1. Provide the gained length on full extension for the span residue 298 to residue 157, in nm with one decimal, where the gain is 0.36 nm per separating residue minus the Cα-Cα distance.
2. Starting from 0.36 nm per residue, how many nanometres of slack lie between residue 214 and residue 305 once their C-alpha separation is accounted for?
3. Sort 170, 271 by Cβ crowding within 10 Å, fewest neighbours at the top.
4. With no solvent and one point on each alpha carbon, what is the Debye value of log10 I(q)/I(0) for the stretch 14-97 at q = 0.16 Å⁻¹?
5. Hey, fewest Cβ within 10 Å first, where do 201, 158, 268 land in order?
6. With both partners inside the chain, how many of the DSSP beta bridges are antiparallel, as a percent to the nearest 5?
7. How would you order 277-290, 133-146, 83-96 from highest to lowest mean count of nearby Cβ atoms within 10 Å?
8. What 222 nm value per residue comes from the helices of the chain, counting each DSSP H run with n ≥ 4 as -39,500 (n - 2.57) and dividing by all residues, nearest 500 deg cm²/dmol?
C-alpha cells in the first residue's frame with residue numbers, strides 16, 4: 001500500500017510526460033482524463049483498506065533517508081483519519097475538472113492540462129506530507145499551476161486577479177517559511193546527533209515542547225499563511241477576484257481543494273505544534289470567523305454576478321470550518337472536517353454549473369437568467385440540488 005500511495009500521488013506527472021511527448025490536442029485531453037481517472041481508481045484501495053479503528057495512526061507510511069547529514073529532513077508521507085478524506089476528495093475532483101474543460105478551453109491545451117495535472121499532484125502531496133519541509137514544497141508548488149491557470153486562461157481582468165492571488169499567498173508562505181526554519185533548528189537541538197528536524201511526528205509528540213513565548217510568534221507565522229489560504233476575514237479579498245477570473249476548472253479546484261489546505265494546516269500543524277498559542281488566539285480567530293460568516297453571506301446577497309455570489313458564500317461557509325476548529329470540542333472539530341468535504345463537493349458543483357451556463361450564454365449576470373428552468377429543466381434541478389447541499393453544509 002505504501003507503493004500504491006506514492007503511485008497515486010505522482011501518476012498525474014506521467015500524464016504530463018505523455019502530453020509533452022505527443023503534443024496533440026485530442027490526445028492531450030484523453031491522456032489527462034485517463035491519468036486522473038486511473039489516479040482516482042487506484043486511490044480507492046487506500047480508502048477501503050484504511051483501518052478505521054486506528055484512524056489516529058499514520059498508515060501507508062513511506063519514510064525516506066535524510067537528504068543531508070545532520071539534518072532530519074526526509075521524504076515522509078502517509079495518511080491518517082485527518083488527511084484521508086481530503087486526499088480522496090482531491091483524487092475524485094481530478095477527472096471532474098478535466099471533463100469540465102473538455103470543450104471550453106481552446107488555446108494552449110498542452111499547457112492547460114499539464115497545469116491541472118501538476119496541481120493535482122501538489123494537492124495530494126500537501127495532504128499526505130508528514131515532514132514540514134516536504135509539506136511546504138508541495139504547498140508552494142500548488143501556487144505555480146494556479147498562477148498560470150488564472151493568468152493565461154482566465155477572464156479579461158486575469159492579470160489583476162493573478163497578481164493579487166500570488167502576492168497574498170506568497171507573502172503568507174514566506175512568513176511561514178521563517179517560522180518553519182526556526183522550529184526546525186529549535187527542535188533539532190532536542191535530538192542527539194541532529195541540528196535540524198522537521199519530522200511532524202517528533203514535533204507534535206510529547207518529547208518536544210516549544211517555549212510559550214516562541215509559540216506565540218511561531219503560531220502567528222504559520223496561522224497567517226493558513227488564514228490567507230482559507231481565506232479568513234479580512235484576508236479574503238483575493239478570493240472573489242481569483243474565482244471570477246479563473247476558468248471553470250480553476251475555480252472548482254480552488255474551491256474544492258486549495259482552500260482546504262488552509263484549514264487542514266491549522267488542524268495538522270498549528271494545533272499540535274503550538275497548543276498554548278492555539279488556545280490563546282482562539283477567541284480572536286473565532287471572532288474573525290463569525291465576522292466572515294456574516295460578512296460573506298451579506299455580500300453574497302447583493303451580488304449581480306453569479307460567480308461572485310458563490311465565491312462570497314464560500315467565504316461565509318469556510319468561516320464555519322474555522323469556527324469549528326477553534327471551538328475546542330471533539331464534535332466541533334469532526335464537524336469542521338466533514339464541512340471541508342461537504343463544502344468541496346457542493347461549492348465545486350456550483351462552480352461547475354455556473355461554468356456550464358456561462359459557456360452557453362456568455363454572461364454571469366443573474367438578471368439574464370430569468371426563466372431558465374423552462375429552457376433547461378435538468379440543469380435547474382441540478383443547480384437546486386447543489387444549492388441544497390450547500391445549505392445542508394451550513395446547517
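1. Contour length minus Cα-Cα distance gives 48.3 nm.
2. 28.3 nm
3. In increasing order of surrounding Cβ atoms, one gets 170, 271.
4. Treating every Cα as an identical point scatterer, log10 I(q)/I(0) equals -0.79.
5. Neighbour counts put them in this order, fewest first: 201, 158, 268.
6. 80
7. Ranked from most to least packed, the peptides come out as 83-96, 133-146, 277-290.
8. -23500 deg cm²/dmol
Each value in this text was obtained by applying a stated rule to the coordinates, not by laboratory testing. Since the model is a prediction, treat every value here as computed from it, not as a measurement. Every residue, glycine among them, receives a Cβ derived from its backbone with ideal geometry; neighbour counts consider all protein chains shown.
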